[in-house]
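Trainee: So that we are looking at the same thing, I have put the structure below in structure tokens.
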Amino acid sequence: MVETLPVGRSQLQQQRLELKRWIVAFLSSHKTLLTVLWIAAFGSVFLWQRSIGGDGFSIFAKAGPGRPIPKMRPFSFNLTDFGGIGDGVADETAAFERAILTISKFGKRGGAQLNVPPGKWLTAPFNLTSHMTLFLAEDAEILGIQDEKRWPLMPPLPSYGQGRERKGARFGSLIHGQNLRDVVITGHNGTINGQGQSWWKKYRQKLLNNTRGPLVQIMWSSDIVISNITLRDSPFWTFHPYDCKNITVRNVTIMAPIFEAPNTDGIDPDSCEDMVIEDCYISVGDDAIAIKSGWDQYGIAYGRPSRNILIRNLIVRSMVSAGVSIGSEMSGGVSNVTVENILIWSSRRAVRIKTAVGRGGYVRDITYRNLTFDGARVGIVIKTDYNEHPDDDFDRKAFPIIRDISFTEIYGQGVRVPVRIHGSEDIPIRNVTFRDMSIGITYKKKHIFQCAYVEGRVIGTIFPAPCENLDRYDEEERLVLRSESQNVTDIDYDI
């Protein structure tokens, strides 16, 4: 903080207001920040999208040939020590299994590191162990075997009751771990490639009898770090930490085709707490990030919330869903989430909270700050009728609670509907705050700030003009106009 000479409160507030107005004017007239960020995002994905099925493209620069692999554990092994070949044809499953069995014996001595050298390493799913570092060298690529018979079936998640797509068992993940502690997956931007194309095709053709498996799934574990790698073309959700604590995802690129790659969410924290996601690029075929905590009565009974999650410094894209979502499976509750310094570009929706009757649970204490929407169809969405259920036994009186949500420093351009908050008589939205918002719009008609059954406030002047459901306050947070229309409905899905 820079100290200044003391001034009167009103003068200081006026200075702050002028500064904010200058920033908004600068962004809207020159579009400098938006343009720079857009170029970075577009450039990073353009070549990759043109070469789907080839070697791909990463936004993180390579460091030259022969980059030495750092030793991050007291003991270190190469996959080739266990018979690995790396030609993209040989089945490396046994080599991974032998290596990890060996590493499991070093847990009490500080753990061990498995180095995956440059090459293509074709494997069926395998399990990690505690006190392990999986290090992917530059130009190393782990490839998932496409034969579904090599992917194990697992029981449904206890907080879901059924497979997410099909009742009964679900496919496991390519890289899996349960009841682990102290696991690191990192590298010199090596790649884990699920080769999901065959899975997506079979899913569309309704040829699968079980829910597809994630690319990486860690369950009931703690102290997990994923950094400096690329994850791509997952059969289903890409990284799915389930009921975990103390997770860090940093400097990770996650890619899947923006169309025809169904449900390839980027990162789905599920009943997790104390998690940081930062400095990542995500462009996938569904939500870039979706925070979850169980599905209807099964999630209510399991009772594990997602909480204390920080998401910051990301560039994300989702042409079919949203950049950052909460739900719809949120029956265990979601709280204390901060989403800040995010660019959402060329997306169907920017940020979204989705739930429904039967979910129960809550979404509360959610902070969105310093977000930029560039070319989003809808900017901010809260939806309370997302009616997908595991079965017909959900509780019709289990109404989720949605409250205490703030949006500050929200900017954008090329947005069709900046805000759509769709509460209902059974699921009203409470204590929503908007402050310092300026979003350039493409659809210059009424009803672009849409509300229904929402109570909250607007502090200062925002653009576009807010719905009549919200109270108005001035910049010094003094009440100007109390709304008497919280239950007014002004939702238009045809825009």
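The values are calculated or read from the model by the stated rules, or taken from the named source; none is laboratory data. Quick caveat, the model's predicted, so the values are computed rather than measured. Glycine gets a Cβ as well: all are built from the backbone with ideal geometry, and neighbour counts include every protein chain shown. Side chains included, ligands, DNA and RNA excluded: accessible areas come from the protein's heavy atoms. Shrake-Rupley method; radii C 1.70, N 1.55, O 1.52, S 1.80 Å.
Trainee: Given the convex hull of the Cα atoms of the stretch 144-252, what is a quarter of its surface area in nm²?
Mentor: 6.6 nm²
Trainee: Let me ask something else about it. What does the extension gain come out to for R204 and I401, with contour length at 0.36 nm per residue minus their alpha carbon separation?
Mentor: Extra length from R204 to I401 when fully extended: 67.5 nm.
Trainee: Sticking with this structure for a sec: Kindly work out what percent of the DSSP beta bridges joining two residues of the chain are antiparallel, to the nearest 5.
Mentor: 5 percent
Trainee: Still on this structure, please answer the following. How much FRET efficiency would the formula 1/(1 + (r/R0)^6) give for T248 and E484, where r is the Cβ-Cβ distance and R0 is 41 Å, rounded to 0.05?
Mentor: 0.30
Trainee: To the nearest 20 debye, what is the magnitude of the charge dipole of the chain about its Cα centre, counting +1 on the Cβ of each Lys and Arg and -1 on the Cβ of each Asp and Glu?
Mentor: The calculation lands at about 360 debye.
Trainee: When all C-alpha to C-alpha distances in the stretch 365-489 are sorted into bins of 10 Å, what percent of pairs does each bin hold, rounded to whole numbers?
Mentor: Using 10 Å bins, I get a P(r) of 13, 42, 33, 10, 2 for the stretch 365-489.
Trainee: Please compute the alpha carbon radius of gyration of the stretch 324-430, then divide it by the globular-protein estimate 2.2 N^0.38 Å. Two decimals is fine.
Mentor: 1.08
Trainee: Still on this structure: Taking +1 at the Cβ of each Lys and Arg and -1 at the Cβ of each Asp and Glu, which of V324, Y160, A256 sits farthest along the dipole of the chain towards its positive end, judged by Cα position relative to the Cα centre?
Mentor: With unit charges placed on the Cβ atoms, the residue in question is A256.
Trainee: At 1.4 Å probe size, with the rest of the protein present, what percent of the exposed accessible area of the stretch 201-305 is carbon and sulfur atoms?
Mentor: Looking at the stretch 201-305 in its full context, I get 47 percent from C and S.
Trainee: Hey, what's the Cα Rg ratio for the stretch 254-351 versus the globular rule of thumb, 2.2 N^0.38 Å?
Mentor: 1.04
Trainee: Regarding the stretch 297-344, what are the three Cα extents along the principal axes, ordered largest first, in Å?
Mentor: 36, 25, 8
Trainee: Compute the length gained on full extension between R348 and M72: take 0.36 nm times their separation in residues and subtract their Cα-Cα distance, giving the result in nm to one decimal.
Mentor: Result for the pair: 95.3 nm of gain on full extension.
Trainee: Quickly estimate the mean residue ellipticity at 222 nm for the chain, helices only: each DSSP H run with n ≥ 4 gives -39500 (n - 2.57), and the total goes over all residues, rounded to 500.
Mentor: Calculated mean residue ellipticity at 222 nm is -4500 deg cm²/dmol.
Trainee: A follow-up question, please. Show me, bin by bin at 5 Å from 0, the whole-percent P(r) of the stretch 167-231 based on Cα pairs.
Mentor: 4, 14, 20, 21, 17, 12, 9, 3
Trainee: Cα centroids of the stretch 343-358 and the stretch 386-451: how far apart, whole angstrom?
Mentor: With the stretch 343-358 and the stretch 386-451 each reduced to a Cα centre, they are spaced 9 Å.
Trainee: Which one of I410, I439, G423 has its Cα pushed farthest toward the positive end of the charge dipole of the stretch 402-450, where Lys and Arg give +1 and Asp and Glu give -1 at the Cβ?
Mentor: Value computed over the given set: I439.
Trainee: R0 = 45 Å: FRET efficiency of N341 with A301, Cβ-based, nearest 0.05?
Mentor: The formula returns an efficiency of 0.80 here.
Trainee: Considering only protein heavy atoms, what per residue accessible area in square angstrom results for the chain with a 1.4 angstrom probe?
Mentor: Computed with neighbouring chains in place, this is 41 Å² per residue.
Trainee: Also: Would you work out which of T367, G86, Y242 lies farthest towards the positive end of the dipole of the chain? Charges go on Cβ: Lys and Arg +1, Asp and Glu -1.
Mentor: G86
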